[in-house]
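Asker: My questions will all concern the structure given below.
The values are calculated or read from the model by the stated rules, or taken from the named source; none is laboratory data. Just so we're clear, the structure is a prediction, and the values are computed from it rather than from any experiment. Cβ placement follows ideal geometry from the backbone for every residue including glycine, while neighbour counts extend to all protein chains displayed.
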Amino acid sequence: MKALFISDLHLTPECPAVARAFCHYLSSRATEADALYILGDFFEYWVGDDAMDDFQIDIARQLRQYTDTGRPIYLMPGNRDFGIGKSFLHQTGITWLQDPTLVEINQRRILLLHGDSLCTRDQQYQRYRRFIRNPLVLGLLRLAPLTYRKNLGARIRHNSRVAKESKSLEIMDVTPSAVIDVMEKFQVDTLIHGHTHRPDIHDVALKKSTGKRYVLGDWGDQGWEIELNNKAITLGAFPIQQP
Ligand code: MN
């Protein structure tokens, strides 16, 4: 079985090249796979299933075309699109993944995360994350008036931009001990995540073995993917044509 993993496309009408690249990916590369996993920050922002704009509706249609062929798409929320709800999933035929999720593919146990939960040195963010991702808070947010949600969405994007500029690179990256903790907890030697926009493959010193942490990159001038087949797991990039 061949599975593909992507994350951090940050789809927005402001970057039509990335949206086009994704649609092309769906109809070419992804048709060679048995499953597609999207590990968060697929959309740059998500105000609510009831407030989808033409751009998001078009992406939803493309996703539906893909799942209609019988191949599954799995979507894990990121810190930008955690508000995606049941209606979007129903429209697109996508299956929701909890963060984290343990999967077994080709006899390999693999832990999937978006990655923000591993950035434990950013305590301010972790406090905010615990609050905003609380099911009760999320439920109330879904009921809040659209204008309120739009303002909140703009604030989240602003805060995340400011944080990137003002916080050190170390704080914004994963904490090595948090990686080890979660891998020991789930008893895996393979971890795949995105979020940090630092595509790479890292060795992780676990108690009984050396694990691997695969980090997906964000889509911009190029797209990133991880392919898992019967033989190996590989991280790859491909150019995205700018308009
Ligand atoms: Mn993220």
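Asker: Criterion first (in a strand (DSSP E or B) and either over 23 Å from ALA30 (Cα atoms) or aliphatic (A, V, I, L, M) (or both)) does VAL137 satisfy it?
Answerer: Values: in a strand (DSSP E or B): no; either over 23 Å from ALA30 (Cα atoms) or aliphatic (A, V, I, L, M) (or both): yes.
Criteria not met by VAL137.
Okay, residues lined up against (1) within 16 Å of the ligand (Cβ to nearest atom); (2) of a type in the set (S, T, N, Q); (3) more than 21 Å from SER87 (Cα to Cα):
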site	(1), (2), (3)
LEU11	yes, no, no
ALA21	no, no, yes
TYR37	yes, no, no
TRP46	yes, no, no
ARG64	no, no, no
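Asker: For region 146-184, which residues satisfy the criterion of being farther than 22 Å from VAL215 by Cβ, β-branched (Val, Ile, Thr) and touching a residue at least 24 places away in the same chain (Cβ under 8 Å)?
Answerer: Going residue by residue through region 146-184, those that are farther than 22 Å from VAL215 by Cβ are 146-159, 162, 166.
Next, from what is left, pick out any that are β-branched (Val, Ile, Thr): 147, 156, 162.
ILE156 - this is the single residue of region 146-184 that is farther than 22 Å from VAL215 by Cβ, β-branched (Val, Ile, Thr) and touching a residue at least 24 places away in the same chain (Cβ under 8 Å).
Asker: Something else about it: Being within 27 Å of GLU227 (Cβ to Cβ), at pLDDT 95 or above, more than 16 Å from the ligand (Cβ to nearest atom) and crowded, with 19+ Cβ neighbours inside 10 Å, is that true of even one residue in region 112-119?
Answerer: Checking region 112-119: not a single residue is within 27 Å of GLU227 (Cβ to Cβ), at pLDDT 95 or above, more than 16 Å from the ligand (Cβ to nearest atom) and crowded, with 19+ Cβ neighbours inside 10 Å.
Asker: Need at least 2 residues that are among the hydrophobic types (A, V, I, L, M, F, W, C) and more than 18 Å from ARG29 (Cα to Cα) per element, so show me which strands (runs of 3 or more DSSP E) inside region 187-243 make the cut, counting only ones lying wholly within it. Let's see the steps before the verdict.
Answerer: Details: elements: 190-193, 200-205, 210-215, 222-228, 233-239.
In region 187-243, 190-193, 200-205 are the strands (runs of 3 or more DSSP E) which contain 2 or more residues that are among the hydrophobic types (A, V, I, L, M, F, W, C) and more than 18 Å from ARG29 (Cα to Cα).
Asker: Got at least one residue in region 122-145 being crowded, with 18+ Cβ neighbours inside 10 Å, under 23 Å from VAL215 (Cα atoms) and modelled with pLDDT under 95?
Answerer: yes
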